[in-house]
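Student: Can you read through this structure? Questions will come right after.
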Amino acid sequence: MNTSVRRIQAILVKDYKEFSRNLAVSSMIFLPLILAAFYARVGVDTIQGYFMSINITFSMVATYVQCCLIAEEKEKNTLRSLMLSPASTSEILIGKSTLTFISTMLIVGGCMYLSGYMPRNFVVMAIALMISAVFYIAVGTFLGLFAKSVMESSVIVLPVLAIFSLGPMGMAYIENYPILKVIEWFPSVQIILLGELLEKSFALGDLIKPFAVIIGWIIVAAIATVVTFKKRMVD
């Protein structure tokens, strides 16, 4: 167990040094904070408004930064060495995700503070935000395994930004376009619906659907990531 932890810490420290030197990537994490501060200045105080900056954080930090970290390893031809090292697949994936997870939760907390959002049930919301971050990090890892460079990763994450972060805006048109009902199953929309649920009286059973949907997305993304990662080890 100690060896496993040391390997994860070694990967974390390595990622932190590379991340801090790459200003083009590290500076992107401040965009959601700017958006949250702007929304606070213009008086946005709805759940949808609060979660706009939070969902942007998931795409711009969790997915984009993670994708860049993986792509940078490939660009420098160090990912192959990492795969062939004594570290196991789980140690590599956890180590490569730890920095992104910490950064994501810090920025999410900053967005909540700047926008003035405080959920009535902080514990439930904190758990939902953490498992949501896991999904977006898994997606970032998956995309990073296909990106050939950091520059390419900047483009390959755009669909995630458009579909998951901006997708909730389509909820306003569901009545006119029933086909958009599929949006309700997005993890970014489920987190918004959960936020609205926590602002009123709810039963424990009401929490099952949003958590089940988000966890379902995590399972799919995790399986796709692990399968792709293992294929990259032998191709």
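The values are calculated or read from the model by the stated rules, or taken from the named source; none is laboratory data. Keep in mind that this is a model prediction, so the values were computed, not measured. Methodologically, a virtual Cβ is constructed for each residue, glycine included, from the backbone with ideal geometry; neighbour enumeration extends over all protein chains shown. When the accessible area is computed, the model is the full protein with side chains, heavy atoms only, and any ligands, DNA or RNA have been set aside. Shrake-Rupley method; radii C 1.70, N 1.55, O 1.52, S 1.80 Å.
Student: Just check region 1-41 against the gyration tensor rule for me: Cα atoms, a ≥ b ≥ c as the square roots of the eigenvalues, rounded for a/c under 1.5, and otherwise prolate or oblate depending on whether a/b exceeds b/c. Each step should come with its number before you reach the end.
Tutor: Values: a/c = 7.60, a/b = 2.37, b/c = 3.21.
Note, shape of region 1-41 comes out oblate.
Student: Right, here's the next one. What does the helix-only formula give at 222 nm for the chain: each DSSP H stretch with n ≥ 4 adding -39500 (n - 2.57), the total divided by the residues, and the result rounded to the nearest 500 deg cm²/dmol? Write down the numbers at each step before the final one.
Tutor: Working: 11 runs with 159 residues, N = 235.
The per-residue figure over the chain is -22000 deg cm²/dmol.
Student: Something else: Just to check I understand the Karplus step: with θ = phi - 60° and J = 6.51 cos²θ - 1.76 cosθ + 1.60, what whole-Hz values come out for region 192-209, glycine and proline as x?
Tutor: My calculation for region 192-209 gives 5, 4, 5, x, 5, 5, 6, 7, 9, 5, 8, 9, 4, x, 5, 7, 5, 4 Hz in order.
Student: While we're here: Using only the Cα atoms of region 91-213, build the gyration tensor, take square roots of its eigenvalues as a ≥ b ≥ c, and label the shape rounded, prolate or oblate: rounded if a/c is under 1.5, else prolate if a/b is larger than b/c, else oblate.
Tutor: Details: a/c = 1.95, a/b = 1.30, b/c = 1.50.
In terms of gyration-tensor shape, oblate.
Student: Of the heavy-atom accessible surface of region 80-124 (probe 1.4 angstrom), what whole percent is carbon and sulfur?
Tutor: On the way: 1570 of 2210 Å².
Accessible surface attributable to carbon and sulfur in region 80-124 totals 71 percent.
Student: Which number comes out as Rg/Rh for region 33-105 once both Rg and the Kirkwood Rh are worked out on C-alpha atoms? Display every interim value, and only then the final one.
Tutor: Working: Rg = 16.8 Å, Rh = 14.2 Å.
Using Cα coordinates only, the ratio equals 1.18.
Student: Also: With θ set to phi - 60° and the Karplus curve 6.51 cos²θ - 1.76 cosθ + 1.60, what are the ³J(HN,Hα) couplings of region 4-21 in order, to the nearest whole Hz, using x for Gly and Pro?
Tutor: Working through the residues one at a time gives 4, 5, 5, 5, 4, 5, 5, 5, 4, 4, 4, 5, 4, 5, 5, 5, 5, 7 Hz.
Student: Just want to confirm a number: the relative contact order over the chain, from Cα pairs under 8 angstrom separated by 6+ residues, in percent. Please report the intermediate quantities before stating the final value.
Tutor: Values: 273 pairs, mean separation 62.0, N = 235.
Dividing the mean separation by the residue count of the chain yields 26 percent.
Student: Under the Karplus relation 6.51 cos²θ - 1.76 cosθ + 1.60, θ = phi - 60°, what is the ordered set of whole-Hz ³J(HN,Hα) values for region 31-37, x standing for Gly and Pro?
Tutor: Calculated HN-Hα couplings, in order: 4, x, 5, 5, 5, 4, 5 Hz.
Student: State in Å² the accessible area per residue of region 79-235; use a 1.4 Å probe, count heavy atoms of protein chains only, and round to the nearest integer.
Tutor: On the way: 7940 Å² over 157 residues.
Counting only protein heavy atoms, the per-residue value for region 79-235 is 51 Å².
Student: Another question, if that's okay. So, in nm, how far is label Ser85 from label Ala24 when the simple model puts each one 7 Å beyond its Cα toward the Cβ?
Tutor: 2.4 nm
Student: Now for a separate question. With just the Cα atoms defining each centre, how far is region 1-74 from region 93-151? Give it in Å.
Tutor: Using only Cα atoms to place each centre, the spacing works out to 7 Å.
Student: Rounded if a/c is under 1.5, else prolate if a/b beats b/c, else oblate: with a ≥ b ≥ c from the C-alpha gyration tensor eigenvalues square-rooted, which is the chain?
Tutor: Numbers: a/c = 1.77, a/b = 1.66, b/c = 1.07.
Since a/c reaches 1.5 and a/b is larger than b/c, the shape of the chain is classed as prolate.
Student: Farthest toward the dipole's positive end in the chain, which of Ala203, Leu166, Val220, given Cβ charges of +1 (Lys, Arg) and -1 (Asp, Glu) about the Cα centre?
Tutor: After comparing all options, I get Val220.
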